[in-house]
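The values are calculated or read from the model by the stated rules, or taken from the named source; none is laboratory data. Keep in mind that this is a model prediction, so the values were computed, not measured. Don't worry about glycine lacking a Cβ; one is built from the backbone with ideal geometry, like all the others, and counts go over all protein chains shown.
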Amino acid sequence: MNVLKPHRQTTIATLLELGNSHRQIERVTGIDRKTIRAYHQRIEQQKSNSPGVATGTPDQTPPPRPPDGLKSMVSICEPHRTFIETQLRLKRNFMSIYQDLVDSHGFTGAYNSVKRFCGGLCKREPEQFDRLEFAPGE
């Protein structure tokens, strides 16, 4: 479908607001009246769908508030914290810790929950960078 340039669309909308007929607009702009009719229908649809004054009942309830981010969720791995911490001290990887949890402790959670929990327990020290200070050309 061909689309008119924005300035021509604005011209059509302005002339329609002034009450000109489709044939009058065709004579002035040189745009086919069928095209003008299509844009007139679009404009009318946009007017009917545009947000305006709410006409609902005054006793409407407002939308619910988003949940508080302050509520901390307890991980499914929390009961196994001591086992996980000892395994991390032994430098075991997350997958082997997860497999041991499933095999020997009856863990029913997913690997991703173990991975997130272990990642939170592992504290990595930032890499150290030495700053070298000397005069230019030295």
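Quick notes
- Residue within the range 31-46 that is modelled with pLDDT under 85 and either part of a helix (DSSP H, G or I) or over 14 Å from Leu4 (Cα atoms) (or both) present: yes
- Among the candidates Phe134, Phe107, Phe129, Phe117, residue that is of a type in the set (A, V, I, L, M, F, W, C) and under 30 Å from the mean Cα position of the chain (by Cα): Phe117
- Condition met for Leu70 (more than 32 Å from the chain's Cα centre (by Cα) and either surrounded by 10 or more Cβ atoms within 10 Å (Cβ to Cβ) or at pLDDT below 80 (or both)): no
- Total residues in the range 1-52, condition hydroxyl-bearing (Ser, Thr, Tyr) and surrounded by 12 or more Cβ atoms within 10 Å (Cβ to Cβ): 5
- Applying the criterion of being part of a helix (DSSP H, G or I) and without any contact (Cβ under 8 Å) to a residue 12 or more places away in the chain to the residues of the range 86-118, the residue that is nearest to Ser75 (Cα to Cα) is Asn112.
- The residues listed here are Pro51, Pro58, Pro63; of these, the one that is part of a loop (DSSP other than H, G, I, E, B), within 30 Å of Gln9 (Cα to Cα) and modelled with pLDDT under 90 is Pro51.
- The number of residues in the range 101-115 being aliphatic (A, V, I, L, M) and surrounded by fewer than 16 Cβ atoms within 10 Å (Cβ to Cβ) comes to 2.
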